[in-house]
Amino acid sequence: MNKPRVVILGAGFGGLTAARALAGKAHVTLVDRHNFQTFLPLLYQVSTAGLAADHVAYPIRGALRKTDVAFRMGSPISIDHKNKAVKLDSSETLEFDHLVVALGSATADFGVKGVADHALGMKSVTEALSIRAEVMRRFEDLCRFEDDTIFSIAIIGGGPTGVEMAGAMAELVRGPLTLDQPHAAAHINVYLIEAGPRLLPSFSPTLSSRTEKDLVKLGVKVLCNTAVQEIKPRKIFLKNGDFVPSEVTIWAAGVRGEPTAGILNLPITSTRIDVEESLQVKNYPHIWAIGDIAGSRSGDGKFLPMVAPVAMQQGRWVARQILNVAGSQPTKRFVYKDKGSMATIGRHKAVVEVGRIRLTGAIAWSAWLTLHLFYLLGGRNKVLTVTDWMWNYLTFDRGNRHIMDSE
């Protein structure tokens, strides 16, 4: 069997997993607009000064070392279906027998005015550093006052990302910032705004309730059943006519498929690429889509969640299917194996749900730490992350409170 030529667009969890699974069995070229992979689940800790930015980024070439996988830095701009080739913005054209689209997701504003102009997203290291810088800059402003001026931080979206961000931000205020300047820290409010009736809607109601109680204990002002109408400078207007003051607004309300799929003229369902049960793009059997950008559905007809486990399982699956096709074997239907969900809230506080098993408190927190450390790329990153976590835990301090954005 001749080795197939495979081009993979995107080096996130799905794309990198697929590339590694095909290494040595196909001629693989991995393409990404960055030369590093970002460990998105820990990005919020960069935003809240818990980790340095380089702890959650790992060179793609380093991840591919000791494999025969080639890497190209660039972004796709067009696909030539007739000649089976993809053109990059670097002017390079890559020919393929199979194309795997794993471009991930982008922030979804759900039509809310002002998100792009007045809110900060949570999809890149740059955005994380911007959040950290804005929070620390406003804190320094507050330190100049000795009156009752209030500085408010608002996180919109009560899913895992919003919950983790709110908890970490509250602990930043209660710990390091209070040690730095107690009067200023005492005048910082942290809001978590959720349009639905409860936080973590994908978890059981019991864990949602526990999460809200833990956040309130940390000082977070939790607002459920609170839909956002518009975001303006220093204010968030709600659909009920009220407003929430916000010096720094963080948007964690949702994501959509990366819009590059539309530029490539691939079939779209909602904001994702329309795929068959085998993860082949509809009408294009030589193209596959995995991860957040793939419109893969579960047995109940709902889209699979945009989380790393889905992307990684699909990456391994597509690698097997490509080899099956190369060996004249039929493709099979992808079935996602849900291994559970988890979210951390703060020190000794987390929730874990695996089937009927539900964990909270220190045990769940330990499980969360262990799993995330396991999936973090690079021995150096693991060591430095553990070091930062231990320092933060033992000293109640965070040493990454630098203002290092472009401004």
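The values are calculated or read from the model by the stated rules, or taken from the named source; none is laboratory data. From a predicted model like this one, the values you see are computed outputs, not experimental measurements. Here the Cβ positions follow ideal geometry from the backbone for every residue, glycine too, while neighbour counts run over all protein chains shown.
Residue-level check: of (1) out of contact with any Leu (no Cβ under 6 Å at 6 or more places or on another chain); (2) surrounded by fewer than 22 Cβ atoms within 10 Å (Cβ to Cβ), Ala18 misses just (2).
Can you pull out the residues in region 285-299 that are crowded, with 19+ Cβ neighbours inside 10 Å and either among the polar types (S, T, N, Q) or not in a helix (DSSP H, G or I) (or both)?
Step one: list which residues in region 285-299 are crowded, with 19+ Cβ neighbours inside 10 Å, which gives 287-296.
Those that are crowded, with 19+ Cβ neighbours inside 10 Å and either among the polar types (S, T, N, Q) or not in a helix (DSSP H, G or I) (or both): Ile287, Trp288, Ala289, Ile290, Ala294, Gly295, Ser296.
Restricting Ser91, Ser78 to those that are in the same structural domain as Gln321 (by TED's automatic domain parsing) and either modelled with pLDDT under 95 or over 19 Å from Val281 (Cβ atoms) (or both) reduces the list to Ser91.
Conditions (1) over 22 Å from the mean Cα position of the chain (by Cα); (2) at pLDDT 95 or above; (3) loosely packed, with under 14 Cβ neighbours inside 10 Å; (4) not aliphatic (A, V, I, L, M), marked per residue:
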position: Gly74; (1), (2), (3), (4): no, yes, no, yes
position: Phe96; (1), (2), (3), (4): yes, yes, no, yes
position: Asp109; (1), (2), (3), (4): no, no, no, yes
position: Gly121; (1), (2), (3), (4): no, no, no, yes
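Every condition in (1) in contact (Cβ under 8 Å) with a residue 60 or more places away in the chain; (2) surrounded by fewer than 17 Cβ atoms within 10 Å (Cβ to Cβ) is met by Lys82 except one, and the failing one is (1). Against the test of being outside any strand (DSSP E or B), farther than 19 Å from Ala253 by Cβ, of a type in the set (Gly, Ala, Ser) and modelled with pLDDT of 95 or more, the options Ala166, Ala133 yield a single qualifying residue, Ala133.
Identify the residue in region 251-269 that is modelled with pLDDT of 90 or more and part of a loop (DSSP other than H, G, I, E, B) and, among all such residues, is surrounded by the fewest Cβ atoms within 10 Å (Cβ to Cβ). Checking each candidate, the answer is Asn265.
Taking region 86-116 as the range and being in a helix (DSSP H, G or I) and either of a type in the set (Lys, Arg) or in contact (Cβ under 8 Å) with a residue 40 or more places away in the chain (or both) as the test, only Val115 passes.
Scanning region 61-86 for residues that are of a type in the set (D, E, K, R) and in contact with a Leu (Cβ under 8 Å, 6 or more places away or on another chain) yields Arg72, Lys84.
Listed residues Thr331, Thr269; which is polar (S, T, N, Q), touching a helix residue (DSSP H, G or I) at 6+ places or on another chain (Cβ under 9 Å) and at negative phi?
Numbers: Thr269 fails: touching a helix residue (DSSP H, G or I) at 6+ places or on another chain (Cβ under 9 Å).
Matching residue, one of Thr331, Thr269: Thr331.
Test Ile60 against the criterion of being in contact (Cβ under 8 Å) with a residue 24 or more places away in the chain and surrounded by 15 or more Cβ atoms within 10 Å (Cβ to Cβ), and give yes or no. Here the answer is yes, as Ile60 does meet what is asked.
A quick yes/no check of all residues on (1) surrounded by 14 or more Cβ atoms within 10 Å (Cβ to Cβ); (2) over 21 Å from the mean Cα position of the chain (by Cα); (3) in the same structural domain as Ser209 (by TED's automatic domain parsing); (4) at pLDDT 95 or above:
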residue: Thr360; (1), (2), (3), (4): yes, yes, no, yes
residue: Trp365; (1), (2), (3), (4): yes, no, no, yes
residue: Lys382; (1), (2), (3), (4): yes, no, no, yes
residue: Asn392; (1), (2), (3), (4): yes, yes, no, no
residue: Thr395; (1), (2), (3), (4): no, yes, no, no
